[in-house]
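Visitor: The structure's right below; bear with me while I get my questions together.
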Amino acid sequence: MLNIAAGGVLLLVVAVAIGACWLFRESENMAITRATYDSVVVGQPEPVAKRLLPYGQSKIAAKLARKAGLTARQDHAACRHYLSRDEQATHAGHLLVYQVCFAAQSVATKARLEVGNLAPRGPRTAERPEH
């Protein structure tokens, strides 16, 4: 009986460790700094810009962007979304999301978006997109 309990505890510890590793790995793709966002320039070749950005995108930021009416494809461009690592949204219940869109092998647009997710306070607000 004791061996079964010990085995169950060990299995739980291993599962938690695997979950923590997955969460840590996802967090590397979740957020970028303002400096990283600023280093990506509209018109920059896509391979150059993608080297500056984490591989993939934040699943959380992408979900928030979809909830705010944005999609992964905007005006024939493929967009990636990242949470801000070092800036805060100005409105309570909102998160700051960076959007970078690629079309024709270059950065087509980018925008800093405040996306509301925690409270139903209305639609997203955004700074002017950079074209």
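The values are calculated or read from the model by the stated rules, or taken from the named source; none is laboratory data. Since we're looking at a predicted model, the values are computed, not measured. Reconstructed Cβ throughout: ideal geometry from the backbone, glycine too, with neighbour counts over all protein chains shown.
Visitor: Give me the residue from region 28-44 that is within 18 Å of Arg85 (Cα to Cα) and aliphatic (A, V, I, L, M) and, out of that set, surrounded by the fewest Cβ atoms within 10 Å (Cβ to Cβ).
Guide: Going residue by residue through region 28-44, those that are within 18 Å of Arg85 (Cα to Cα) are 28-40.
Going one step further and asking which of them are aliphatic (A, V, I, L, M), we end up with 30-32, 35, 40.
Numbers: Met30: 19, Ala31: 19, Ile32: 24, Ala35: 10, Val40: 18.
Here the answer is Ala35.
Visitor: Within region 45-70, can you find the residues that are surrounded by fewer than 17 Cβ atoms within 10 Å (Cβ to Cβ) and not in a helix (DSSP H, G or I)?
Guide: Pro45, Pro54, Tyr55, Gly56, Gly69
Visitor: Counting only residues that are out of contact with any Ser or Thr (no Cβ under 9 Å at 6 or more places or on another chain) and modelled with pLDDT under 90, how many does region 90-110 have?
Guide: Within region 90-110, residues that are out of contact with any Ser or Thr (no Cβ under 9 Å at 6 or more places or on another chain) and modelled with pLDDT under 90 number 2.
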